[in-house]
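For reference, the structure is listed below as structure tokens.
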Amino acid sequence: MAVTAHFNPSVPQADTMRVIVIGAGVIGLSTALCIHERYRSVLPSLDMRVYADRFTPLTNTDVAAGLCQPYLSDPRNPQEADWNQQTFDYLLSRVHSPNAANVGLALVSGYNLFHEAIPDPSWKNTVLGFRTLTPRDLDMFPDYRWGYCHGRRGYGPTIQTDPSRRLTERGVKFFQKKVESFEEVARGGADVIINCTGVWAGSLQPDPLLQPGRGQIIKVDAPWMKHFIITHDPEKGIYKSPYIIPGIQTVTLGGIFQLGNWSEVNNIQDHNTIWEGCCRLEPTLQDAKIVAELTGLRPVRPQIRLEREQLRFASSNTEVIHNYGHGGYGLTIHWGCALEAAKLFGKILEERKLLKMPPPHL
Amino acid sequence: MDPVRIAVVGAGVVGLSTAMCVSKLVPRCSITVISDKFSPDTTSDVAAGMLIPHVYPNTPIPTLKQWFRETFDHLFAIANSAEAGDAGVHLVSGWQIFQSIPAEEVPFWADVVLGFRKMTKAELKKFPQHVFGHAFTTLKCESPAYLPWLEKRLKGSGVLILTRRIGDLWELHPSFDVVVNCSGLGSRQLAQALEMFPMRGQVLNVQAPWVKHFIRDGSGLTYIYPGTSNVILGGTRQQGDWNLSPDAEISRGIFSRCCALEPSLQGACDIREKVGLRPFRPAGVRLQTEFLAQDGRRLPVVHHYGHGSGGISVHWGTALEAARLVSECVQAPRTPTPKSNL
């Protein structure tokens with residue numbers, strides 16, 4: 001849902017806080033929503049706009065299989081574990097609501113498979129029904145010797161439609177535009193810029209820590225698949241081993257991760273790698289019809305950049321909140337990051353003594 | 001010796017699987033499946049096909065367990081093969097939940113299904129009205145796909161398929177040497193089994209593809225079974241009710257009970273009502289050979305009916321047993337038909 005419009009500098013209004021969110025993937029939309037929900041009522045006036053050159057279904061979020069599962073190893077930044085947990089709890093509370101289908105939320109169980117026995121992950125007590133696989137379970141997967149089974153939340157293709165709709169209902173406007181610099185946005189009158197530009201953040205401000213982790217996926221029609229199957233090969237690395245993740249309408253097959261590859265074009269060798277790997281894992285897929293094939297660029301960074309920065313253009317300070325670099329776990333962690341970004345926003349308001357009443361408890 | 005001519009009456013899951021087992025077990029026979037109804041118009045087609053067995057009267061638990069295990073193993077092999085999509089067989093995980101702690105906390109079939117365990121407190125939070133539950137992975141065997149798949153394989157083995165309504169088993173004499181009666185409720189007429197009655201079940205087939213787990217209330221009355229092309233919501237158990245037309249109020253009740261367990265179902269669409277009459281036999285499944293005799297004619301009949309609500313869960317195990325009975329029948333020396341006295 002994109003509104004193409006010419007950029008109109010906003011008419012300055014006394015006491016209006018002007019917030020520009022750059023990026024309309026899951027990070028941009030959820031951060032925008034989180035901030036708007038918490039601060040609209042405590043500000044005299046909030047003018048929030050979302051600028052993006054791509055909207056769903058053309059964002060990187062759209063290529064994601066949508067399964068919310070943290071990495072097996074603990075994150076470098078311990079805060080990320082908290083943000084994962086907050087997202088998990090948030091999704092749990094929403095998955096059973098009557099609205100879950102519209103939001104595109106589903107509960108799905110499945111298998112994580114390994115070639116060797118490994119210790120249980122630190123998040124085992126936070127998922128539903130974690131258990132280690134028995135020999136009988138493993139008979140289904142002859143190439144693997146260890147694994148576990150548990151429930152997880154997954155997102156369907158409407159992951160971005162729901163926050164977009166809610167933002168629109170709140171009066172937030174969307175603009176299709178490619179932002180070339182923070183300065184351009186600041187000079188347009190923005191008080192706060194929320195930078196959710198994902199893998200392309202480097203074009204606004206160089207960041208040598210940010211790299212693309214190219215992924216390719218095949219979407220098939222295989223409605224009998226009710227479980228996810230994710231294999232792990234520590235020698236190859238994350239996302240390089242076949243995975244099968246059922247979504248709401250289609251099943252996503254994947255297993256590609258190429259660091260530093262900016263190509264957004266589907267590659268035939270990658271197609272073969274995915275297809276052969278997944279059919280070997282799950283022979284029933286051989287007859288599945290291919291519905292789509294997509295490439296996306298995971299915004300890989302040693303840790304997420306979620307912090308404030310003050311930039312000075314002309315004679316005024318513009319606050320920037322960076323929220324990018326979520327790698328292949330953006331959906332898994334998005335809400336916790338949005339809450340953190342909202343906290344940072346709250347601090348900005350306190351410093352500028354802009355609040356007309358105390359901020360809501362986050 | 002000429003091949004033995006075997007007629008299998010009935011083309012639901014019991015009839016077709018029995019024909020299949022007979023074709024594998026009995027050498028040198030020609031098999032004809034005769035039925036007035038075929039998929040998608042059989043009782044089996046209405047069933048969700050979840051492999052969750054129940055206890056049958058007069059049937060020892062070890063026997064039930066064997067039937068269930070044989071069925072599970074047979075379908076599990078299909079589910080893991082490239083045939084799974086065509087055969088309509090797939091794995092599904094979920095929960096069976098109870099409003100009060102059941103007398104038997106671990107059912108007899110717990111080690112046949114996969115990953116059976118008791119639900120944790122965290123899992124039970126999803127169901128505030130329930131205090132206890134089982135979590136496991138089992139199979140779903142969808143007759144609208146499974147029956148045509150069986151039929152195709154039967155035809156490939158040379159089995160003949162005939163659409164015809166049989167009013168009396170003697171109609172099959174002398175064209176056939178052995179009859180296998182898999183006519184379900186039809187046995188009221190064909191085997192004078194007046195003790196049989198329908199246990200009416202109404203279900204809703206809905207579109208709700210985000211539902212990936214089954215949920216079944218331990219009473220068996222309310223269930224949500226996600227399948228390949230729809231989710232089946234149920235149900236009812238109405239004894240002696242022959243009415244095949246859906247009842248709108250019952251549909252509302254089913255929908256409401258299922259939404260209480262899974263609120264996201266309120267977003268379900270394309271709701272279709274279906275009714276099936278489960279073939280209930282008070283004494284349990286009849287697996288028995290009967291030698292019909294009349295006016296000097298003899299007709300061996302292997303009866304295989306009365307599966308109630310557990311047909312799909314035990315069909316392969318009972319079909320193997322029925323095939324053994326047919327095999328014994330065939331091996332017994334054939335007595336020549338006495339000449340007519342006229």
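In table form, for the structure just shown:
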item	result
Magnitude of the charge dipole, segment A:17-352, Cβ model with Lys/Arg +1 and Asp/Glu -1, debye to 20	680
Among B:Leu91, B:Leu292, B:Leu172, residue whose mean-square fluctuation peaks in a GNM of chain B (springs only between Cα atoms under 10 Å)	B:Leu292
Protein-only accessible surface order, largest first, of A:Glu169, A:Glu80 at 1.4 Å	A:Glu169, A:Glu80
Segment A:17-352: relative contact order as a whole-number percent, Cα under 8 Å and 6+ apart	25
Rounded, prolate or oblate (a/c below 1.5 giving rounded, otherwise prolate when a/b exceeds b/c) for segment A:13-57 by Cα gyration tensor	oblate
Per-residue average of Cβ from other chains inside 10 Å of A:222-231	6
Beta bridge orientation in the protein assembly as shown: antiparallel %, DSSP, nearest 5	65
Selected from B:Cys269, B:Cys21, B:Cys259 as most flexible by GNM, with chain B as the system and alpha-carbon contacts under 10 Å	B:Cys269
Inter-centroid distance (Cα atoms) of segment B:148-184 relative to segment A:230-282, Å	48
Modelled label reach - A:Glu307, point 7 Å along Cα→Cβ, segment A:189-233 residues with backbone N closer than 20 Å	A:192-212
Accessible surface, chain A, averaged per residue in Å² (probe 1.4 Å)	42
Förster-model FRET efficiency, 60 Å R0, B:Arg5 and B:Gln266, C-beta, rounded to 0.05	0.60
Percentage relative contact order, chain B, counting C-alpha pairs under 8 Å, at least six apart	25
Between 0 and 90°, nearest 10: helix B:248-261 axis offset from chain B longest Cα axis	50
FRET efficiency estimate (nearest 0.05) - Cβ-Cβ, B:Ser157 to A:Asp89, R0 41 angstrom	0.15
26 Å Cα-Cα threshold exceeded, pairs from A:Lys236/A:Lys289; A:Lys173/A:Lys347; A:Lys178/A:Lys353	A:Lys236/A:Lys289; A:Lys178/A:Lys353
Label-to-label distance, nm, for residues given as B:Leu194 and A:Asp287 (7 Å Cα→Cβ offset)	4.6
A:Lys343 - accessible surface, heavy atoms, 1.4 Å probe, Å² rounded to 10	90
Chain B: angle of helix B:13-25 to the longest principal axis, Cα-based, in degrees nearest 10	50
Spacing of the two label points (7 Å from each Cα toward its C-beta) at A:Lys347 and A:Gln249, in nm	4.2
Solvent-accessible area of B:Leu194 with every protein chain in place, 1.4 Å probe, in Å² to the nearest 10	120
Inter-chain shielding of B:196-209 (mean C-beta neighbours from other protein chains, 10 Å cut-off)	1
Per-selection Rg to Rh, the protein assembly as shown - Cα, Kirkwood hydrodynamic radius	1.08
Per-residue average of Cβ from other chains inside 10 Å of A:281-287	5
Added length on full extension, which subtracts the Cα-Cα distance from 0.36 nm per residue, B:Glu105 to B:Glu328	76.3 nm
B:Ser30 accessible area, assembled protein chains, probe 1.4 Å, Å²	50
Extension reserve of the A:Leu58-A:Asn317 stretch, reckoned as 0.36 nm per residue once the Cα distance is removed	89.9 nm
Full-stretch length increase - B:Arg298, B:Ala283 - with 0.36 nm per residue and alpha-carbon distance subtracted	2.8 nm
Global geometry of segment A:17-352, whether rounded, prolate or oblate, following the gyration tensor of its Cα atoms and the 1.5 cut on a/c	prolate
Entries of B:Lys212/B:Lys274; A:Lys219/A:Lys343; A:Lys226/B:Lys65; B:Lys126/B:Lys274; B:Lys152/B:Lys212; A:Lys219/B:Lys140 with Cα pairs more than 31 Å apart	A:Lys219/A:Lys343
Computed E for A:Asp221/A:Asn272 - FRET, C-beta separation, R0 25 angstrom, nearest 0.05	0.80
Cβ-placed point charges (K, R +1; D, E -1), dipole of the protein assembly as shown about Cα centre in debye, nearest 20	660
CD proxy at 222 nm, helix term only [per DSSP H run n ≥ 4: -39500 (n - 2.57); per residue of the protein assembly as shown; nearest 500]	-8000 deg cm²/dmol
Dipole-positive endmost among B:Val206, B:Pro279, B:Thr236 within segment B:201-293 (Cβ charges, Cα centre)	B:Pro279
Among B:Val211, B:Val46, B:Val22, residue whose mean-square fluctuation peaks in a GNM of chain B (springs only between Cα atoms under 10 Å)	B:Val211
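The values are calculated or read from the model by the stated rules, or taken from the named source; none is laboratory data. Model, not experiment: these values are computed from the prediction. Virtual Cβ from ideal backbone geometry, glycine too; neighbours counted across all protein chains shown. When the accessible area is computed, the model is the full protein with side chains, heavy atoms only, and any ligands, DNA or RNA have been set aside. Shrake-Rupley method; radii C 1.70, N 1.55, O 1.52, S 1.80 Å.
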